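So the structure is just underneath, and the comments pick up after that.
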Amino acid sequence: MAADEMVFKMAFSFLKGKLTADLLREFESRGVTPEEFFTLPTKELVNRLGIPQNHDFDKMAREEALTLARNEAALIKNHNITPLFVLDEDYPPQLAETPDPPLILYKLGEAPLDLDYMVAVVGTRKPTPYGLDFCNRIVDEIGDYFPDVEIISGLAYGVDAAAHRKALEKNLKTVAVVAHGLNMIYPAANRNLAKEIIRSGGAILSEYPFGVQPFKPNFLARNRIVAGLSDVTIVVESNIKGGAMSTANYAFLYNRDVMALPGRSIDDLSSGCNLLIRKNKAHLVTCAADLIEVTGWQPLNLPLDTSGRNLFPELTGDNKKIYDTLKYSSEPMQIDQLVHLTGIVASKLLALLSELEFDGIIMRYPGNRYSLA
């Protein structure tokens, strides 16, 4: 594609609030090219488009948008950033199907955006050990069954960063969608992570031109892109007002599969996930087998591990005492606390805890503290 042609396409995105993908499709159906849109006299343009004379596409506004697009084209060329236009074939097809795709998507990196398996993994910026353990495990399991999967998230602290890092560790493609121009990385602490994503063949995406700062509304707008790119969105941990909830709601609106990790009713960071499940907006997920069941994807010729699906293990005797005691604790418990509450002597308790940990029912933390896995 000629550079000048892309400049005209980029200019559409600088007519803020005035154009949508559907309107651009209408222009195309009427035989008006991007170049003609920005160069025709106003009267001729509105006649060709069949729109009212007073529509806000005056010559001055179009020229200003074109100037901004030319400046942006020079900047992104110097930084190896590729602009993707919503009506072009290289634009992510899943995202193009949504009601409100970005007219221009800026891409830094080589990751394809049209793979058969694209999974968003999102959640709170301050996950618990329970959430982090699940995030790492679910990405690991999905990668085992679908080595060509692409993991999509938002490069934020917490669950997002953990999902990207686990994907890199697993040699999976991963894509980060950010809420600012690609002249920067926010949060700054994730700059090295962003570089590793690019080096590994992944990509950083944004709908924002150079210089746009990470303002709060941008993050909510960014979430629709994460959801729109993905076949399925997995919410790891989120409270009811968390940003991951907006990603889940967008995915639900777009008729994409949504899955959420269940948690205890007393845990704030499970309240959003539990709400999504209760409102039938999300399927419950505990392992990759749940995802395969919901999506109908055909995994590699590997035995399907369903061990993680047993949410309420059938325990008896002292094992059940330990399980029930940990179930009602919001924090990992010390050995002496468990001895006191269960009445099990310390030597026997340690042996039982090791057995439960080996079975994946509990988790051990530094300082010999324990919680349910």
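The values are calculated or read from the model by the stated rules, or taken from the named source; none is laboratory data. Please read these numbers as outputs of a predicted model, since none were measured by experiment. No Cβ is skipped: glycine too gets one built from the backbone with ideal geometry, and neighbour counts run over all protein chains shown. SASA here: full protein model, heavy atoms, side chains in, ligands and nucleic acids out. Shrake-Rupley method; radii C 1.70, N 1.55, O 1.52, S 1.80 Å.
Name the residues in the range 264-287 that are β-branched (Val, Ile, Thr) and not in a helix (DSSP H, G or I), would you? Quick ask: steps written out before the conclusion?
Of all residues in the range 264-287, those β-branched (Val, Ile, Thr) come to 266, 277, 285-286.
Matches in the range 264-287: 266, 285, 286.
With the structure loaded, tell me whether residue 136 is closer than 25 Å to residue 262 by Cβ and either open to solvent by 50 Å² or more (accessible area, probe 1.4 Å) or free of Cβ contacts under 8 Å to residues at least 24 places away in the same chain (or both) or whether it fails that test.
On the way: closer than 25 Å to residue 262 by Cβ: yes; either open to solvent by 50 Å² or more (accessible area, probe 1.4 Å) or free of Cβ contacts under 8 Å to residues at least 24 places away in the same chain (or both): yes.
Yes: the conditions hold for residue 136.
Tell me, yes or no, whether the range 63-84 has at least one residue that is assigned to a loop (DSSP other than H, G, I, E, B), among the acidic types (Asp, Glu) and either surrounded by fewer than 19 Cβ atoms within 10 Å (Cβ to Cβ) or without any contact (Cβ under 8 Å) to a residue 12 or more places away in the chain (or both).
no
Confirm whether residue 27 is part of a helix (DSSP H, G or I), in contact with a helix residue (DSSP H, G or I) (Cβ under 7 Å, 6 or more places away or on another chain), without any contact (Cβ under 8 Å) to a residue 40 or more places away in the chain and open to solvent by less than 70 Å² (accessible area, probe 1.4 Å). Walk me through it before giving the result.
Working: part of a helix (DSSP H, G or I): yes; in contact with a helix residue (DSSP H, G or I) (Cβ under 7 Å, 6 or more places away or on another chain): yes; without any contact (Cβ under 8 Å) to a residue 40 or more places away in the chain: yes; open to solvent by less than 70 Å² (accessible area, probe 1.4 Å): yes.
Considered against the rule, which asks whether it is part of a helix (DSSP H, G or I), in contact with a helix residue (DSSP H, G or I) (Cβ under 7 Å, 6 or more places away or on another chain), without any contact (Cβ under 8 Å) to a residue 40 or more places away in the chain and open to solvent by less than 70 Å² (accessible area, probe 1.4 Å), residue 27 comes out as yes.
I'd like the residue in the range 85-95 that is touching a helix residue (DSSP H, G or I) at 6+ places or on another chain (Cβ under 7 Å) and outside any loop (DSSP other than H, G, I, E, B) and, out of all such residues, is most open to solvent (accessible area, probe 1.4 Å). Reasoning before the result, please.
Let us first name the residues in the range 85-95 that are touching a helix residue (DSSP H, G or I) at 6+ places or on another chain (Cβ under 7 Å), namely 85-87, 92, 94-95.
Subset that is outside any loop (DSSP other than H, G, I, E, B): 85, 94-95.
Details: 85: 7, 94: 36, 95: 2 Å².
This residue is 94.
Restricting the range 194-231 to residues that are charged (D, E, K, R) and in a helix (DSSP H, G or I), which is surrounded by the most Cβ atoms within 10 Å (Cβ to Cβ)?
Within the range 194-231, the subset charged (D, E, K, R) is 195-196, 199, 207, 216, 222, 224, 231.
Remaining after also requiring in a helix (DSSP H, G or I): 195-196, 199, 216, 222, 224.
Details: 195: 12, 196: 15, 199: 10, 216: 8, 222: 26, 224: 24.
So the residue we want is 222.
Quick one: how many residues across the range 361-373 are in contact (Cβ under 8 Å) with a residue 12 or more places away in the chain and surrounded by 14 or more Cβ atoms within 10 Å (Cβ to Cβ)?
Quick first cut of the range 361-373, residues in contact (Cβ under 8 Å) with a residue 12 or more places away in the chain only: 361-363, 365, 367-373.
If we keep only those that are surrounded by 14 or more Cβ atoms within 10 Å (Cβ to Cβ) as well, we get 361-363, 368-373.
Total satisfying the criteria: 9.
Taking the options 119, 178, name whichever one is open to solvent by less than 20 Å² (accessible area, probe 1.4 Å) and free of Cβ contacts under 8 Å to residues at least 60 places away in the same chain. Lay out the reasoning, then the answer.
Values: 119 fails: free of Cβ contacts under 8 Å to residues at least 60 places away in the same chain.
Just one listed residue meets the conditions, 178.
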